[in-house]
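Beneath this line is the structure, given in structure tokens, with notes to follow.
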Amino acid sequence: MNDLTGRTALVTGASRGIGQAIATRLAAGGATVLVHYGRDADGAAATVGAIERAGGTALAVQAELGVDGDVETLFEGVEKGLAGRPLDIVVNNAAAQPAGPLGVTTRAEFDHLFAVNVRAPYFIVQRALPLLRDGGRIVTISSVATRMANPAQTSFAMTKGAIETMSLTLANELGARGITVNAVAPGATRTPANGAVFEAPGLADVIAGSTALGRLGDAGDVADVVAFLASDAARWITGQVIDASGGLFLGPRA
């Protein structure tokens, strides 16, 4: 297990799903975790409770992303939780879900996607930098949607492409401080929050059959990759998009 003892971490969207798994995994490695949530206070409390029952330390921080003042509200809670300590790890996980294909996506849905998936991570990093120690870690959750043509996810894929570019350019800018910046791109990942989606007849089998490793992912698969990137073992990795999809749609399978 990657040793994160003494580190502090902010994980956005950590009340459920992949974000919850990332928060609990970082805490298991020894980090004190600031568990961000937007509206799901019960989910955030469940994340904090799970961390504390396992012997870790966590604090819930509320801020609805994609609205005016979101980052300011978030960092009021972050700075209170840090209590003067530096921040070591920032994980931008919170994201709005795909709004639909080109023909049905409204301007409001499009703007909301970019506000949550692009604007918020950008300004969270900007606001975090004065708190982030030299040698810190920034990890943003992308998606394999950036390397696949899925007409139902055009606007969503655009947002994830934007944060991959953000990660690349920030890695170059922040390297002088020893800060690594990477993105992690999950594929089809079953979580308690989205499990019903994969109950459609035959869907899970089709996806598993299109995945090199032959199964759907789970939140822990992604969380372990994030924990690695947050650790000292990943000190020489920056500006990269790490595919954490089990090899989804790599090509025809024999």
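Read-outs: derived from the displayed coordinates by stated rules, not from any lab. Please read these numbers as outputs of a predicted model, since none were measured by experiment. Note that each Cβ is placed from the backbone with ideal geometry, even for glycine, and that neighbours are counted across all protein chains shown.
Let me spell out the model: positive unit charges on the Cβ of Lys and Arg, negative unit charges on the Cβ of Asp and Glu, origin at the Cα centre of region 8-243. What dipole size does that give, in debye rounded to 20?
300
Note down the nm distance, to one decimal, between modelled labels 7 Å out along Cα→Cβ at A212 and at A193.
2.8
Kindly identify region 171-254 as rounded, prolate or oblate by the Cα gyration tensor criterion: order the square roots of the eigenvalues as a ≥ b ≥ c, call it rounded if a/c is under 1.5, otherwise compare a/b with b/c, prolate if a/b is larger, else oblate.
Prolate, because a/c is 1.5 or more and a/b exceeds b/c.
Restricting everything to alpha-carbon atoms, can you work out Rg to Rh for region 84-185 with a Kirkwood hydrodynamic radius?
Reported Rg/Rh (Cα atoms, Kirkwood Rh): 1.03.
Can you tell me, using C-alpha contacts under 8 Å and at least 6 residues apart, the relative contact order of region 1-151 as a whole percent?
Details: 254 pairs, mean separation 34.2, N = 151.
It rounds to 23 percent for region 1-151.
Taking R0 as 30 Å, what's the FRET efficiency between A108 and A200 from their Cβ-Cβ distance, rounded to 0.05?
Once rounded, the FRET efficiency stands at 0.60.
Considering the dipole of the chain built from charges on the beta carbon (Lys and Arg +1, Asp and Glu -1) around the Cα centre, which of I89, G103, Q153 is farthest to its positive end?
I89
Rounded, prolate or oblate: pick one for region 113-166, where a ≥ b ≥ c are the square roots of the eigenvalues of its C-alpha gyration tensor, a/c under 1.5 means rounded, and failing that, prolate if a/b is larger than b/c, else oblate.
Prolate shape, in that a/c is at least 1.5 and a/b is the bigger ratio.
Which one is right for this structure if volume of the Cα convex hull per residue in Å³ is calculated from it: [x] 150; [y] 213; [z] 129?
This structure yields the entry labelled [z].
Using only helices, what value at 222 nm comes out for the chain when you add -39,500 (n - 2.57) per DSSP H run of length 4 or more and divide by the total residues, to the nearest 500 deg cm²/dmol?
Helices in the chain give a 222 nm mean residue ellipticity of -11500 deg cm²/dmol.
Using +1 at the C-beta of Lys and Arg and -1 at the C-beta of Asp and Glu, which of P186, A41, A60 has the Cα lying farthest in the positive direction of the dipole of region 8-243?
P186
Remind me, relative contact order of the chain in percent, using alpha carbon pairs under 8 angstrom and six or more residues apart?
Reported relative contact order: 19 percent.
With θ set to phi - 60° and the Karplus curve 6.51 cos²θ - 1.76 cosθ + 1.60, what are the ³J(HN,Hα) couplings of region 186-197 in order, to the nearest whole Hz, using x for Gly and Pro?
With the stated coefficients, region 186-197 comes to x, x, 6, 10, 7, 9, x, 6, 10, x, 5, 4 Hz.
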